[in-house]
């Protein structure tokens with residue numbers, strides 16, 4: 001009787017050990033966060049500081065195509081404005097060109113309205129921005145579309161920007177469908 005009990009106990013322990021290993025393996029599988037967000041449809045708020053965004057730009061400069069002749073991009077935030085700038089040479093003098101834009105949400109997408117442009121201390125005509133507003137909003141809107149996220153609000157304040165967005169269901173899947 002004892003050998004059968006021992007075999008049964010050993011079998012149970014081995015089976016439990018295998019189940020535990022299987023469960024551990026299952027929990028180690030990567031989570032598909034995009035699918036999770038599409039199904040849960042959360043409202044999300046993000047806050048980015050100038051310091052963090054500029055460090056990211058510096059560390060990942062190869063990811064962003066700057067217009068020819070422009071280097072050292074920088075982002076700053078003021079009350080209701082996003083300012084992007086870069087160094088370039090104007091009349092053989094290194095000059096920081098700054099484009100200040102007011103962010104707004106139009107039908108769940110980012111729209112940037114050029115407010116003013118400066119080359120050093122000199123104010124320039126609005127056409128000089130060389131498509132900066134369209135390029136930046138295009139990159140952001142492509143990211144939102146790719147991740148099926150709708151922009152709800154954008155608020156620029158001194159030193160930071162707050163963004164509220166709503167994740168949506170996968171294409172062709174009605175909201176609330178499992």
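So how do 115-127, 80-92 stack up, highest first, on mean other-Cβ count within 10 Å?
Numbers: 115-127: 12.8, 80-92: 15.3.
The peptides rank, most packed first, as 80-92, 115-127.
Can you sort 79, 47 from fewest to most other Cβ atoms within 10 Å of each residue's own Cβ? Can you show the working numbers first?
Working: 79 8, 47 11.
Arranged by neighbour count, lowest to highest, 79, 47 become 79, 47.
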Residues in the range 138-165 reached by a label modelled at residue 39 [backbone nitrogen below 19 Å; 7 Å Cα→Cβ]: 147-149
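Bear in mind that the values in this text are calculations on the coordinates, not laboratory data. Because the structure is predicted, anything quoted here is derived from the model rather than measured. Here the Cβ is made from the backbone with ideal geometry for all residues, glycine too, and neighbour counts use every protein chain on show.
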